[in-house]
Amino acid sequence: MWRTGLNALVSAHVARVRCRWRNGRSLRAFAQLSTCLVCGAMLASCATLTRRPSPLPEYPNATPAGFPPTIRWSGEMSQRQFTHWAAAHLGGVERAAHGGPVNVLVLSGGGGAGAFGAGVLIGWSRYGTRPPFQVVTGVSVGALIAPFAFLGPKWNARLSQAFDGITAHPLLRYRFLGWLSGLFGVSVFQGGPLRRRVDRFVTPQLLRAVARRAATGALLLVATTDLDSEQVVVWNMGAIAAQGGPKALQLFRRVLIASASIPGFFPPMLIPVDASGRRFDEMYVDGSTAASILFAPEIVSVLPNRLKPLHGAHVYLVINGQLIEKPITTSTRTIPILERSVDTALTSDERARVELAYSFAKRHGMHLEVTEIPTSYPLGGLVSGLEPSRMRKLFHYGERCAAAGRVWGHPLQVLNRLAEMPYALPGTRVQCPQPGPSVFVR
């Protein structure tokens, strides 16, 4: 309560100082404003996380407290590690397919644009061709969608509530002094709304359902980024669910929150681990920080025969975003230049990953289909894209396009279309990812 009152007092004083500044009392106003900013910085520092430091020599041997080491692995496997992993998991994936082709769903990151992927799954079920998936992978917001996709259309109602009903539970709630808190504290936005949202939909019932599905051999995998080691960490969510009980539910939720925690925007997630009789905290953030999609370890590209059980598999890649940025007149100021540069790096990385996924799938005899948000869709920025109204519109857009059978395309078609018509002209009607009659955004 004291902090809330002090926050309000400082905010009001900042407003008064701004007014005095405009009235010409610049020197005195500057001093008062500086005092307010220092106070704000001190308040923001109160929001920093406290953690048990990582003992580096013991780091590689750490395991989540109370869980076996097999519930997770590094995204950068050695040949020996991958051989062991393939022997442990690929046979189960084949069994889960019951003699048919293996179906793999890959859900990318994308912040609020993840509403597109959620809508696609709902509309795909209505279209009648959505298969059961033996492997589901998710990164960032894709991780939040992944458990519902893994469990099949029976969980569509819950998935729809999570994204169609988001207007009642917005994710963005600024900390005191907003962006200034991001500079001096742990994040710009509070972590509570995201945590409560995950807690609401990731229930003991969902955990038990994931455990039952995983018992058939199917895999539910989520990627996070370990900031200390700067590595992708892949979590076997089915193995976590199989442990059962409150601890499993807590870790399951923590991994999903960690994968969706955009650095600087939401607080990082600390996960306690044990090594050599000592306990410390690992720090995790958005999986997209290191990998926008989770498809296969890079080592597999030089081990062409190790994925034989997956030959003939159908892989569906959902890009929760746009594969090319619309041209703009970039402002000649530092922040806009940095923002545009980061956008360029992320978008080009995602295009490169689609190309690599296609090359990988072709080499291993898999059939890859891709969907992404076309440039004709008025997608917002990272912050504006998380606004509930925008997410709900994007959810219904994905749902309508998928229900019309106009989302999936061959990766070469998607990439060629980007090259031939890289962006939509102003006023262009919003199109579905695949050509056809216009679909208007309501």
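The values are calculated or read from the model by the stated rules, or taken from the named source; none is laboratory data. Please read all numbers here as calculations on a predicted model, not as lab measurements. Here Cβ is always computed from backbone atoms with ideal geometry, including for glycine, and neighbour counts include all displayed protein chains. In case anyone asks, the SASA skips ligands and DNA or RNA and just uses the protein heavy atoms, side chains included. Shrake-Rupley method; radii C 1.70, N 1.55, O 1.52, S 1.80 Å.
For region 67-81, residues that are exposed (fewer than 13 other Cβ atoms within 10 Å of the Cβ), modelled with pLDDT of 85 or more and either aromatic (Phe, Trp, Tyr) or part of a loop (DSSP other than H, G, I, E, B) (or both) total 1.
Considered as a group, the residues in region 338-347 that are under 19 Å from Ile373 (Cβ atoms) and of a type in the set (Ser, Thr, Tyr) include one that is modelled with the lowest pLDDT, and that residue is Thr344. Of the residues making up region 136-157, those that are surrounded by fewer than 24 Cβ atoms within 10 Å (Cβ to Cβ) and either of a type in the set (A, V, I, L, M) or modelled with pLDDT under 95 (or both) are Leu151, Ala157. Has region 118-125 got any residue that is in contact with a helix residue (DSSP H, G or I) (Cβ under 8 Å, 6 or more places away or on another chain) and assigned to a loop (DSSP other than H, G, I, E, B)? For region 118-125, residues in contact with a helix residue (DSSP H, G or I) (Cβ under 8 Å, 6 or more places away or on another chain) and assigned to a loop (DSSP other than H, G, I, E, B): absent. Looking across region 313-337, the residues that are at pLDDT 75 or above, exposed (fewer than 15 other Cβ atoms within 10 Å of the Cβ) and not in a loop (DSSP other than H, G, I, E, B) come down to Thr334, Pro336, Ile337. Meeting the requirement of 3 or more residues that are open to solvent by 10 Å² or more (accessible area, probe 1.4 Å), the strands (runs of 3 or more DSSP E) wholly within region 212-312 are 231-236, 269-275, 278-285. Does any residue of region 371-384 turn out to be part of a helix (DSSP H, G or I) and open to solvent by 60 Å² or more (accessible area, probe 1.4 Å)? No - not one qualifying residue is present in region 371-384.
The residues of region 74-130 that are touching a residue at least 40 places away in the same chain (Cβ under 8 Å) and of a type in the set (D, E, K, R), listed by number, are Glu76, Glu94, Arg95, Arg126.
Regarding region 274-281, can at least one residue be identified that is touching a Phe, Trp or Tyr at 6+ places or on another chain (Cβ under 8 Å) and under 24 Å from Arg52 (Cβ atoms)? Yes, because at least one residue in region 274-281 is touching a Phe, Trp or Tyr at 6+ places or on another chain (Cβ under 8 Å) and under 24 Å from Arg52 (Cβ atoms). Of Ala361, Ala345, all but one fail to be surrounded by 19 or more Cβ atoms within 10 Å (Cβ to Cβ) and either more than 23 Å from the chain's Cα centre (by Cα) or assigned to a helix (DSSP H, G or I) (or both); the exception is Ala361.
Scanning region 202-211 for residues that are over 24 Å from Ala313 (Cα atoms) and surrounded by 18 or more Cβ atoms within 10 Å (Cβ to Cβ) turns up Val202, Leu206, Leu207, Ala209.
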